[in-house]
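Notes follow once the structure below has been shown.
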């Protein structure tokens, strides 16, 4: 059983195995902080995404590598966005998407798919089903990260779909630790959505009582 899940690591450079484990640790910590609506989601995420951007490029998953570069940039934006306050109140609390944001999200999704397709064609990387799935996942995660940075509850729905699709992708590619990480990500994302929903409902009830 052990060899079935981990035999592929015999061929990997030792430093890449250690880097993957470090990235998994900080990635899980980051998602747990996101579930708790805790600002530490961003500094921990910066470490994980920086490492994964490098590793995924080495593994020829160009779309996912670009995802992590984008995560890195959006984590800096999100960190700033989440810390903005009006007095003692968060300026941008958990909320639902507006119609305008739905249009922007659709644009980001479509534009990302087109951009990643161009990159894969340029590098001649459309050689297996991994590449096609990676293209779709890149678009899902780009929208999800944008929504998380804006503190929109719908971000969890994108994470759930993307995480579920990532499990077989990374396992098929031989990155078992990362595949296991996405199993945990999926579970946390479900609970994250439920927890944010409670927070959102609570804040809406408080607003009603103040009227």
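Structure above, values below:
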| read-out | value |
| --- | --- |
| Among the candidates 125, 152, residue that is buried (at least 16 other Cβ atoms within 10 Å of the Cβ) and modelled with pLDDT of 95 or more | 152 |
| Helices (runs of 4 or more DSSP H) wholly inside segment 92-211 containing at least 3 residues that are farther than 15 Å from residue 64 by Cβ and over 19 Å from the mean Cα position of the chain (by Cα) | 99-122, 176-210 |
| For residue 191: the one exception among (1) without any contact (Cβ under 8 Å) to a residue 40 or more places away in the chain; (2) surrounded by fewer than 21 Cβ atoms within 10 Å (Cβ to Cβ) | (1) |
| Which numbered condition residue 146 misses (of (1) crowded, with 16+ Cβ neighbours inside 10 Å; (2) at pLDDT 90 or above; (3) out of contact with any strand residue (DSSP E or B) (no Cβ under 9 Å at 6 or more places or on another chain)) | (3) |
| Condition met for residue 65 (modelled with pLDDT of 85 or more, crowded, with 16+ Cβ neighbours inside 10 Å, within 20 Å of the chain's Cα centre (by Cα) and part of a helix (DSSP H, G or I)) | no |
| Unmet requirement for residue 132, which otherwise passes all of (1) free of Cβ contacts under 8 Å to residues at least 12 places away in the same chain; (2) under 18 Å from residue 42 (Cα atoms) | (2) |
| One residue from 110, 119 being surrounded by fewer than 17 Cβ atoms within 10 Å (Cβ to Cβ), in contact (Cβ under 8 Å) with a residue 12 or more places away in the chain and out of contact with any helix residue (DSSP H, G or I) (no Cβ under 7 Å at 6 or more places or on another chain) | 110 |
| Some residue of segment 46-60 being part of a loop (DSSP other than H, G, I, E, B), at pLDDT 90 or above, more than 13 Å from the chain's Cα centre (by Cα) and over 18 Å from residue 146 (Cβ atoms) | no |
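The values are calculated or read from the model by the stated rules, or taken from the named source; none is laboratory data. Given the structure is predicted, the values throughout are model-derived calculations rather than measurements. Neighbour counts are summed over all protein chains in view; Cβ atoms, including those assigned to glycine, are modelled from backbone coordinates with ideal geometry.
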